[in-house]
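Colleague: Structure below; questions to follow.
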Amino acid sequence: MKSKPKCRVLMLLENNPYPSDLRVRQEANSLVSNGFQVTVIAPGTRPQSYYENIHGVHVYRYPGPPAGEGCFSYLIEYSWALSFSFFLTFWVFFRRGFDVIHAHNPPDLFVLIAMCFRIVGKKFIFDHHDLSPEMYYARFNNQGNRIVYKTLQFFEILSCRMAHQIIATNESYKKIEIERAGVPTDRVSIVRNGPDISKMKPVEPDPSVRAKASIILGYLGVIGQQDGVDYLIRALDYIVKELGITDIHAIIMGSGSAVPGLKRLTAKLELEHYISFTGSIPYNDLPRYVSACDICVDPDPYNPYNDRSTMVKMMDYMAMAKPIVAFDLTEHRASAGPAALYSIRNDIHDLAKTIVELIKDPQLQDKMGEIGRQRMIEQFAWHHQENQLLKAYANLGFDGPEKTSPVNSIPPCNSTATELVSK
């Protein structure tokens, strides 16, 4: 029987540097460990070099775009990234070669590069991390420009229709790809955001966190406008001042554009004694910090983007065997099930009361934590997702040679919490 060819993969990434993006790093490492040749083009940060071989992944970097907020800043950022990515794609094509372009969104503009190389027979995989049209409205509090929204929707649909295979992060995304973009079911594979449970697991709690109060609430992730950390702060204000629970502290782990405003809100509500902003935390230290939390909170408010997205922090909380309180969103329930208590959507007072309900029931906390960890072991951990990733490539006719090394043997990068969380 004729063996299937070894696959050379070119991954395009804009939203994070490499290897800081956990999902992209896990996918690249899984492919390399199964005999694929993988090259990644991504923005770089100082002091990263232009080229680097990281555990068998060939990484080419371009200078990161100027930082900024607003539509004009995003236009500059994406134009910058697309231009550099075009140039480096041709460089890789002639220097190393590739059989598949595996594009990670956002943005969805990488389809323009893929279309050029489809002409010469290269396959295109669209890895659909985020719903860019819905994310745009979420970031701008539903005050976005309709033309921008329609443009983002156009490129999303184009990416889905041009892709030989689409990788969705959950069933909600798959439904959109089928219904909005009109692609057949057999062209969509689901690869969820599953952590490596050999690394994200309960450990000895960080004593400096435990010393802050008897009850520790935790938040881990990117802190942007759409992430709802202000809901957590206002809920804590209600818990302290209206419900009378004062031996409590919230540790907010991560960084992002919303942090300055959240610190001002904390000061305005006179909650400095009850809230700590840690900033970015090295990946290897995360388990100690999360283990120090009694309850973890996902305050993402309801909107069409959050409702359909799988939050990486939910997966991390479950991997760490932590009980969760979150708003009642579709994909929250799909991910956590009974490992979380759900409050009324976008209701700050109900969020506070749900947190207090769980505070008062330590046995329920333990039970929920065990359920969450078991869900990760049985369904969502990365080794399950790796199998789905390989099936997506097999659908294109590519199977790697025999496995060269277990993906879990690859050491994690010295990255930070916020760099590792896409949502």
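Colleague: Counting just the residues of the range 237-277 that are in contact (Cβ under 8 Å) with a residue 40 or more places away in the chain and polar (S, T, N, Q), which one comes out nearest to V222 (Cα to Cα)?
Modeller: Among residues in the range 237-277 that are in contact (Cβ under 8 Å) with a residue 40 or more places away in the chain and polar (S, T, N, Q), the one nearest to V222 (Cα to Cα) is S255.
Colleague: Against the condition within 30 Å of Q143 (Cα to Cα), of a type in the set (S, T, N, Q) and part of a loop (DSSP other than H, G, I, E, B), how does S335 come out, does it pass?
Modeller: On the way: within 30 Å of Q143 (Cα to Cα): yes; of a type in the set (S, T, N, Q): yes; part of a loop (DSSP other than H, G, I, E, B): no.
Here the answer is no, as S335 does not meet what is asked.
Colleague: Find the strands (runs of 3 or more DSSP E) located wholly in the range 219-313 whose residues include 1 or more that are over 19 Å from P323 (Cα atoms), and list them. Break it down stepwise before answering.
Modeller: Numbers: elements: 248-253, 275-279, 295-298.
Per the criteria, 275-279.
Colleague: Tally up the residues in the range 142-162 that are without any contact (Cβ under 8 Å) to a residue 40 or more places away in the chain and aliphatic (A, V, I, L, M), please.
Modeller: 2
Colleague: Right, another one. Restricting the search to the range 63-108, which residues are more than 27 Å from N142 (Cβ to Cβ), outside any helix (DSSP H, G or I) and modelled with pLDDT of 95 or more?
Modeller: Result: G97, F98, D99, V100, I101, H102, A103.
Colleague: Could you tell me which of the residues R23, R46 is more than 22 Å from the chain's Cα centre (by Cα) and of a type outside the set (V, I, T)?
Modeller: Details: R23 fails: more than 22 Å from the chain's Cα centre (by Cα).
Sole residue among the options that is more than 22 Å from the chain's Cα centre (by Cα) and of a type outside the set (V, I, T): R46.
Colleague: Separate question: Does L88 satisfy the criteria of being within 22 Å of the chain's Cα centre (by Cα), closer than 15 Å to F110 by Cβ and aliphatic (A, V, I, L, M)?
Modeller: no
Colleague: Looking only at the range 55-83, count every residue that is without any contact (Cβ under 8 Å) to a residue 60 or more places away in the chain, among the aromatic types (F, W, Y) and within 15 Å of N16 (Cα to Cα) and tell me the total.
Modeller: Counting residues in the range 55-83 that are without any contact (Cβ under 8 Å) to a residue 60 or more places away in the chain, among the aromatic types (F, W, Y) and within 15 Å of N16 (Cα to Cα) gives 4.
Colleague: In addition: Taking the range 220-279 on its own, how many of its residues are buried (at least 23 other Cβ atoms within 10 Å of the Cβ) and at positive phi?
Modeller: Qualifying residue count for the region: 3.
Colleague: Now a separate question. For Y283, work out the one condition from (1) surrounded by 18 or more Cβ atoms within 10 Å (Cβ to Cβ); (2) under 20 Å from the mean Cα position of the chain (by Cα); (3) hydroxyl-bearing (S, T, Y); (4) at pLDDT 95 or above it doesn't fulfil.
Modeller: Unmet for Y283, out of (1) surrounded by 18 or more Cβ atoms within 10 Å (Cβ to Cβ); (2) under 20 Å from the mean Cα position of the chain (by Cα); (3) hydroxyl-bearing (S, T, Y); (4) at pLDDT 95 or above: (4).
Colleague: Still on this model: In the same structural domain as Q26 (by TED's automatic domain parsing) and buried (at least 18 other Cβ atoms within 10 Å of the Cβ): is that true of I125 in this structure?
Modeller: yes
Colleague: Which residue is farthest from N303 (Cα to Cα), if the candidates are limited to the range 128-175 and must be modelled with pLDDT of 95 or more, surrounded by fewer than 22 Cβ atoms within 10 Å (Cβ to Cβ) and hydrophobic (A, V, I, L, M, F, W, C)?
Modeller: Checking each candidate, the answer is M162.
The values are calculated or read from the model by the stated rules, or taken from the named source; none is laboratory data. Source: prediction; values computed, not measured. Reconstructed Cβ throughout: ideal geometry from the backbone, glycine too, with neighbour counts over all protein chains shown.
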